[in-house]
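Report on the following structure.
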Amino acid sequence: MLKLYAMFLSLVFLAELVAGISGFVFRHEIKDTFLRTYTEAIQNYNGNDEKSRAVDDVQQSLSCCGVQNYTNWNTSPYFNEHGIPPSCCMNSSDCNSMDLRNMTIAPTKINQKGCYDLVTSFMETNMGIIAGVAFGIAFSQLIGMLLACCLSRFITANQYEMV
Ligand SMILES: *[C@@H]1O[C@H](CO)[C@@H](O)[C@H](O)[C@H]1NC(C)=O
Ligand SMILES: *[C@@H]1O[C@H](CO)[C@@H](O)[C@H](O)[C@H]1NC(C)=O
């Protein structure tokens, strides 16, 4: 019984270790991918295609602008022609295309936070929940397996006793 308990504990420890390491690698991978994709999407932004609309969606729904902040837009081809995209505006009814071109006015009318920090912190918050649920399921399966194994042993042992 003590042996079984020790085995159980080391299994739990192993499961935690694997979950911890893969979670870390996974998070790093997602953040890295987001950073690269978003930076690329800003450089290729044209305000029309699917990727541009995805950028607009993120900026509008999270009230953010650019990767680290709005200055990430300064190097994009879109900025040279149109200025900061309207999806960065704090208040869409008080944000015209002239304002978005003028870098004295624009910074006062657009979201100051960059999207990278917001997206990654949102992810971190929810990754904890996702990882917790996944671990909970794995853990209860493990307990189920152990119970099944011990129960069948117990029954087998008692059958011999009965005979
Ligand atoms: C947005 O700007 C309009 C026009 O200046 C103003 O009337 C409105 O109150 C602003 N809305 C918010 C939420 O600040
Ligand atoms: C930007 O706006 C300020 C304030 O209205 C104005 O003085 C300046 O000339 C504008 N700059 C450009 C490049 O239009």
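How do the peptides 135-141, 97-103 rank, highest first, by the average count of neighbouring beta carbon atoms within 10 Å per residue?
Working: 135-141: 12.3, 97-103: 14.4.
The peptides rank, most packed first, as 97-103, 135-141.
Kindly point out which whole DSSP H helices in the chain project their C-alpha atoms 27 angstrom or further along the helix axis while averaging a Kyte-Doolittle hydropathy of -1.0 or above. Mind dumping the intermediate values first?
On the way: long enough: 2-43 (61 Å, 0.74); 115-162 (69 Å, 0.99).
For the chain, where a helix must reach 27 Å along its axis and average at least -1.0, the hits are 2-43, 115-162.
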Below 14 Å, Cα to Cα, which aspartates and glutamates can LYS51 reach? Residues fewer than 8 away in the same chain don't count.
GLU40
Please give the peptides 10-19, 73-82, 111-120 ranked by average Cβ packing (other Cβ atoms within 10 Å per residue), highest first, as a rough proxy for protection.
111-120, 73-82, 10-19
Distance from the Cα centre of the stretch 92-161 to that of the stretch 29-61, in angstrom?
21 Å
For the chain the mean separation of alpha carbon contacts under 8 Å (6+ apart) over residue count, i.e. relative contact order in percent, is 20 percent
Starting from the Cα of LYS31, draw a straight line to each of the aspartates and glutamates and keep only those under 13 Å, dropping any in the same chain fewer than 8 residues away.
ASP117, GLU124
Return the unpartnered cysteines for the chain, using a Cβ-Cβ cut-off of under 4.7 Å.
CYS149, CYS150
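Which of rounded, prolate, oblate describes the stretch 1-92, given a ≥ b ≥ c as roots of the alpha-carbon gyration tensor eigenvalues and a/c under 1.5 marking rounded, otherwise prolate only if a/b is larger than b/c? Spell out each step's value before the answer.
Values: a/c = 4.71, a/b = 3.73, b/c = 1.26.
It is prolate, given that a/c is not under 1.5 and a/b is the larger ratio.
Hey, what's the Kirkwood Rh for the stretch 26-76 if you take every pair of different alpha carbons, in angstrom? Walk me through the numbers before you get to the answer.
On the way: mean 1/r = 0.0886 Å⁻¹.
About 11.3 Å for the stretch 26-76.
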Take every Cα-Cα pair in the stretch 100-163 and report what % of them are more than 17 Å apart.
70 percent
A convex hull over the alpha carbons of the chain yields, per residue, a volume in Å³ of 134 Å³
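Summing -39500 (n - 2.57) over the DSSP H runs of n ≥ 4 in the chain and dividing by its residue number, what mean residue ellipticity at 222 nm do you reach, to the nearest 500 deg cm²/dmol?
Details: 6 runs with 118 residues, N = 163.
About -25000 deg cm²/dmol.
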Provide Rg over Rh for the stretch 65-139; use the alpha carbon set for both Rg and the Kirkwood Rh (inverse mean inverse pair distance).
1.25
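Bear in mind that the values in this text are calculations on the coordinates, not laboratory data. Note that the structure is a prediction, hence the values are computed from the model and not measured. Here the Cβ is made from the backbone with ideal geometry for all residues, glycine too, and neighbour counts use every protein chain on show.
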